[in-house]
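To keep things clear, I will list the structure first and then write my remarks on it.
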Amino acid sequence: THDLFGRLYQMQGDAELAERHFRMAVRSDGSNARARNDYGVFLYQQGRYRDAVEQLERAAEDPDSPSRPVAYENLGLANLKAGDRTGARSAFSRAVMLDRRMQISLLELAELSFGDDEFESAANWYQRYRLVVPRQSARSLWLGLRLARAAGDVDQEASYALQLKNLFPLSAEYQSYRETA
């Protein structure tokens with residue numbers, strides 16, 4: 001009940017009441033993975049990334065939770081914001097291991113690998129991402145374009161550039177492409 005009230009107050013923009021109810025929810029049942037995940041998401045949205053990581057780690061510990069992949073994905077996002085790329089990579093990998101359709105995790109793993117100059121790994125994660133998304137975002141097209149560029153595949157690069165231009169002409173990603181073209 002407290003978790004539900006926490007989410008309700010969160011939606012209404014009352015952070016103080018939301019936090020009070022989330023705290024009561026985790027205090028009354030510390031093993032409630034859903035309440036810990038919801039509290040972690042709330043903390044993330046408040047910009048309290050280290051606190052979010054703590055709650056999301058606890059949420060992801062429950063092996064019986066049906067939302068465990070989501071908790072790991074949220075943990076990965078919180079770790080990224082907290083500056084822990086290793087923790088983020090580990091959490092995203094666990095999310096994908098538990099549910100291979102975790103789109104955000106797949107794209108983040110591709111981005112992390114690309115950022116570490118692990119282009120083959122990035123390309124593999126990106127291909128897995130493309131298999132589960134119905135429509136690419138500006139961010140994913142920009143990553144595909146950069147991967148094609150790194151691989152020297154000018155046809156694929158041009159294809160991604162055209163899609164980026166046609167679908168997202170006002171995006172920051174398209175502007176970045178234009179600056180590097």
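The values are calculated or read from the model by the stated rules, or taken from the named source; none is laboratory data. Predicted model, so just to flag it, every value in this text is computed and none were measured. Positions of Cβ are generated from backbone atoms using ideal geometry, with glycine treated the same way; all protein chains shown enter the neighbour counts. Please note that ligands, DNA and RNA were not included when accessible areas were found on the heavy atoms of the full protein model with its side chains. Shrake-Rupley method; radii C 1.70, N 1.55, O 1.52, S 1.80 Å.
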Task: Label-point gap, in nm, between S90 and D117 - each point 7 angstrom along Cα→Cβ - done: 2.5 nm
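Counting only other residues whose beta carbon sits under 12 Å from that of A18, what net charge do I get with K and R as +1, D and E as -1? List each step's numbers first, then the result.
On the way: positive: R7, R20, R23; negative: D3, D14, E16, E19, D38.
Around A18, the charge tally is -2.
Can you check how the C-alpha radius of gyration of the chain compares to 2.2 N^0.38 Å, as a plain ratio? Numbers along the way, then the final one.
Numbers: Rg = 18.6 Å, N = 181, 2.2 N^0.38 = 15.9 Å.
So the Cα radius of gyration is 1.18 times the expected 2.2 N^0.38 Å.
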Open item on the list: Could you report the chain's accessible area per residue, 1.4 Å probe, as an integer in Å²?
Closed with: 55 Å²
Open item on the list: Can you tell me how the stretch 85-127 classifies by the Cα gyration tensor, rounded, prolate or oblate, using a/c under 1.5 as the rounded cut?
Closed with: oblate
Task: Cα gyration tensor, the stretch 47-111 - rounded (a/c under 1.5), prolate or oblate - done: oblate
Open item on the list: For the stretch 1-63, I need the span (max minus min coordinate) of the C-alpha atoms along each principal axis, in Å, sorted largest to smallest.
Closed with: 32, 25, 14
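Ignoring any ligand, DNA or RNA, what whole percent of the accessible area of the stretch 100-167 comes from carbon and sulfur when the probe is 1.4 angstrom? Provide the component values of the computation, followed by the final result.
Numbers: 1780 of 3680 Å².
In the stretch 100-167, the share of accessible area belonging to carbon and sulfur is 48 percent.
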Task: Span from the the stretch 133-180 Cα centroid across to the the stretch 52-111 one, whole angstrom - done: 26 Å
